[in-house]
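The values are calculated or read from the model by the stated rules, or taken from the named source; none is laboratory data. Remember, it's a predicted structure, so these values are computed and weren't measured experimentally. We place every Cβ from the backbone using ideal geometry, glycine too, and count neighbours over all the protein chains shown. What goes into the accessible areas is simple: the full protein's heavy atoms, side chains included, and nothing from ligands, DNA or RNA. Shrake-Rupley method; radii C 1.70, N 1.55, O 1.52, S 1.80 Å.
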Amino acid sequence: MSQIIITENAQSHFVKLLEQQPEGTNIRVFVVNPGTQNAECGVSYCPQDAVEATDTEITFNGFSAYVDELSLPFLEDAEIDFVTDKMGSQLTLKAPNAKMRKVSDDAPLMERVEYAIQTQVNPQLAGHGGHISLIEITEDGVAVIQFGGGCNGCSMVDVTLKDGIEKQLLEEFSGELNGVRDVTEHAHGDHSYY
C-alpha cells in the first residue's frame, strides 16, 4: 500500500548513506507545514529510538521509510528520486499532495469546498486571528460562510471575502460554485453591528 515511490536510484542512494549510520537507522519521510502553501517534503535519518508507535513503516530494499501520522495523507503519490546530471547528483522530492490532502474528486461539493477552506483559506486568515466556516451550499451554488474569531464585524471582511476568498473558491470550483456569501449579510439583511 506504499503511497510513496522511492525510485531504484534513490533506494540505493539511501542504502549507501545508511551504511555510514549506526546499526538500525532508517529514514523518515515527512512534510513540514502540511496542508499549507508552504508545505515542504523532507527526508531525515530515523534512528531506532525515534520510531513512534503511530508511524507507518514502508519497507524498501535494504531499509524502511517511516512516516508520521500527520504527514502520511499529504505524502500520497509522493516520489523520491535521485537524479544525476551535469551539475552532480541530488535527491528530488515531489509531493503533489503536500499542500493539500486529497478529497476525492467525486466527494460531495460541500466536502471539497470545506476542504479548500480548511487547507487554503483559513491558513491565510489565521494571521489575522480569524477563520471561516462553511454553513451550507445553496441550490443555486452559493457557498454560505461564516466568519469567526477576529474577522467578525471587521470592516476588512467585505474586502477579504470579495477579493480573496470568493475569487479563490470560484476559481477552484468553477462551474460548480456561483458565489460566496457571508452568513451575516445573508441572514440579517440589515447589518446588525451598530
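Would you mind calculating the relative contact order of region 28-78 from Cα pairs under 8 angstrom and at least 6 residues apart, reporting the percent as a whole number?
Relative contact order for region 28-78 comes out at 39 percent.
For region 1-106, max minus min Cα coordinate along each principal axis, in Å, sorted largest first?
Cα spread of region 1-106 along its principal axes, largest to smallest: 44, 40, 24 Å.
In what sequence, largest accessible area first, do PHE60, PHE147 appear using a 1.4 Å probe?
PHE60, PHE147
Under 12 Å Cα-Cα from LYS99, which aspartates and glutamates qualify once same-chain neighbours fewer than 8 residues away are excluded?
GLU40, GLU76
Taking K and R as +1 and D and E as -1, what net charge do the other residues with C-beta under 10 Å from the C-beta of ASP68 add up to?
So the environment of ASP68 carries a net charge of -2.
From the phi angles alone, apply the Karplus equation (6.51, -1.76, 1.60; θ = phi - 60°) to region 26-36 and give each ³J(HN,Hα) in whole Hz, x where the residue is Gly or Pro.
Running phi through 6.51 cos²θ - 1.76 cosθ + 1.60 with θ = phi - 60° gives 10, 10, 10, 10, 8, 10, 8, 6, x, x, 10 Hz.
Kindly report, to the nearest 10 Å², the accessible surface of GLU40 as traced by a 1.4 Å probe over protein heavy atoms only.
110 Å²
Which distance in Å, rounded to a whole number, links the C-alpha centroids of region 162-181 and region 1-29?
Here the two parts' Cα centres lie 43 Å apart.
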